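Beneath this line is the structure, given in structure tokens, with notes to follow.
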Ligand SMILES: [Zn+2]
């Protein structure tokens, strides 16, 4: 499926996905075509402000204006990691990037001269999956992104639920009290067992020969490596348990799994689904779906937000 058929006709917009390492910027034209994606390193904030990030957005926007003089973006979508208050338009905190309580929506809008829609990166990717991906036929959906960390986007009755940024942090739900240290300061969080980062770390902690990623751990498990199989099983058990808890609480009709680990396909989905179902009794079983929008889901979600912002659907 092309981006053109995904987004459809509408206003031209800018989309910015400020990641922990890189920032991706995209220009979407009136036909909904993602014309170009530019990737640059994300600046670290040394003073707690978002000034360096916002300054970089203006440079990126100017680049698009120079290269595509016929396209006039009327709004922008900006997504960032960390704790994000969509309603207030504020990036509360991003451990990796050094900012605190930055009013990104207003600052970016002033700098770019267009209305800005602002949200969390995983919620934006979730919006893209919910609107354009395989989960589109359902009203109650959980989108779980499993990569270096784990986070989710929640849709209830067709509406996103974020609770000022605090909802959806399934990666920091405790699976094993007193367990592995987590980046959040806690112990035994799902992310410290079931993320791609954790799989790599836990394997390398005990392995004689190191791996560079979770993919290699899976490859070794398939080749008969007992430690790799054990680490993989612990991860899929933890994810299955976390999903079962989510099902008990939210009863989603569909759970979409995305992020790097979801690329493992059946090797992830089958044990996770089996574990989840083994923990459920009367509950409604959700369908598990593979994320389908692709690596630019965040940018696409940001673009959807920008068009909605322009249309006044969201304030
Ligand atoms: Zn945690």
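Here are some notes:
- Matching residues, the stretch 23-46, being surrounded by fewer than 20 Cβ atoms within 10 Å (Cβ to Cβ) and not in a strand (DSSP E or B): 30, 31, 33, 43, 44, 45, 46
- Residue in the stretch 232-247 that is surrounded by 15 or more Cβ atoms within 10 Å (Cβ to Cβ), touching a helix residue (DSSP H, G or I) at 6+ places or on another chain (Cβ under 7 Å) and free of Cβ contacts under 8 Å to residues at least 24 places away in the same chain present: no
- Of all the residues in the stretch 189-211, those that are closer than 20 Å to residue 145 by Cα and either free of Cβ contacts under 8 Å to residues at least 40 places away in the same chain or under 17 Å from the mean Cα position of the chain (by Cα) (or both) number 12.
- Complete set of residues in the stretch 161-188 that are touching a residue at least 60 places away in the same chain (Cβ under 8 Å) and closer than 19 Å to residue 300 by Cβ: 162
- Selected residue [in contact with a strand residue (DSSP E or B) (Cβ under 8 Å, 6 or more places away or on another chain), within 27 Å of residue 212 (Cα to Cα) and touching a residue at least 60 places away in the same chain (Cβ under 8 Å)] from 300, 272, 256: 256
- Residue list for the stretch 251-260, filter: touching a helix residue (DSSP H, G or I) at 6+ places or on another chain (Cβ under 8 Å) and part of a loop (DSSP other than H, G, I, E, B): 252, 259
Readers should treat all values here as calculations from the given coordinates under stated rules, not as data from a laboratory. This is a predicted model, so every value here is computed, not measured. Note that each Cβ is placed from the backbone with ideal geometry, even for glycine, and that neighbours are counted across all protein chains shown.
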